[in-house]
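Colleague: Here it is, the structure in full.
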Amino acid sequence: MASLSALLSKWPLLRQIREGKDGTGFESMSEKTRMLRARIDDAQIARSVCPYCGVGCGQLIYHKDGKLISIEGDPESPISQGNLCPKGAASYQLLTHSRRETKMKYRAPHAKEWQEMSLDRAMDMVADRVWESRRRTFVHKTDNQTINHTTAICHLGGATLDNEENYLIKKLFTGGLGMVCISNQARI
């Protein structure tokens, strides 16, 4: 009989009746429920900014033992006050999805298959192609007027770049490379 009494005393409904509670608090939890912990308990938190657009919503990045645990809106952000749009709320899946590409891939002209390559090799290929395009198409003068530009290459900046980054991009690409086609994703 004592074991039955001990078993019944663990039953949340009887505990609610005995304690005169309404069943919305601690008394309604089973032992197993009380032992549950949030997955972000004991996680470290890093503050970040959502990568999707120029709004700059604040995010809290929860990580533990070198592993990403969760990404949530930052309630202390003066911009978003803890809210994220659907794309921002899906940032965790963006980083952890099993089919996320994490390696550089290249498909040569007329090839049917992609091949993996190192980031250094991919960056070198891009740089070589930019310089070759500039060399081939750079116009120094037209009708005795200095032009110093090329329309063969362009730059499309990311929407999360700030004013200072955009200023440096403008200086590098117009002054250094002579590009006249410069735009930003935020305008699209």
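Colleague: Say we look at the range 42-67 and pick out the residues that are β-branched (Val, Ile, Thr) and not in a loop (DSSP other than H, G, I, E, B); which of these is nearest to Glu164 (Cα to Cα)?
Modeller: Applying the filter and picking the extreme gives Val49.
Colleague: Could you please give the count of residues in the range 130-166 that are in contact (Cβ under 8 Å) with a residue 24 or more places away in the chain and small (Gly, Ala, Ser)?
Modeller: 3
Colleague: Restricting the range 78-133 to residues that are out of contact with any strand residue (DSSP E or B) (no Cβ under 9 Å at 6 or more places or on another chain) and basic (Lys, Arg), which is farthest from Ala159 (Cα to Cα)?
Modeller: Restricting to residues being out of contact with any strand residue (DSSP E or B) (no Cβ under 9 Å at 6 or more places or on another chain) and basic (Lys, Arg), the top hit is Lys112.
Colleague: Can you confirm whether the range 34-49 contains a residue that is free of Cβ contacts under 8 Å to residues at least 12 places away in the same chain and at positive phi? It would help to see each step written out before you state the result.
Modeller: Kept after step one, since they are free of Cβ contacts under 8 Å to residues at least 12 places away in the same chain, are these residues of the range 34-49: 34-38, 41.
Then keep just the ones that are at positive phi; that gives none.
Within the range 34-49, none of the residues are free of Cβ contacts under 8 Å to residues at least 12 places away in the same chain and at positive phi.
Colleague: For the range 165-180, which positions are exposed (fewer than 14 other Cβ atoms within 10 Å of the Cβ) and either of a type outside the set (A, V, I, L, M) or in a loop (DSSP other than H, G, I, E, B) (or both)?
Modeller: Within the range 165-180, Glu165, Tyr167, Lys171, Gly175, Gly176 meet the criteria.
Colleague: Tell me, which helices (runs of 4 or more DSSP H) lie completely within the range 68-164 with 1 or more residues that are more than 27 Å from Tyr52 (Cα to Cα)?
Modeller: Result: 119-137.
Colleague: If you scan the range 145-159, which residues turn out to be among the hydroxyl-bearing types (Ser, Thr, Tyr) and in contact with a Cys (Cβ under 7 Å, 6 or more places away or on another chain)? Please lay out each step first, then the result.
Modeller: Here is the first cut: in the range 145-159, the residues among the hydroxyl-bearing types (Ser, Thr, Tyr) are 146, 150-151.
Once the filter is applied, which keeps residues that are among the hydroxyl-bearing types (Ser, Thr, Tyr) and in contact with a Cys (Cβ under 7 Å, 6 or more places away or on another chain), the range 145-159 yields only Thr151.
Rule-based calculations on the coordinates, nothing more; no lab input. Keep in mind that what you see is a predicted model, and the values were worked out from it rather than measured. Cβ atoms come from the backbone with ideal geometry, glycine included; neighbour counts cover every protein chain shown.
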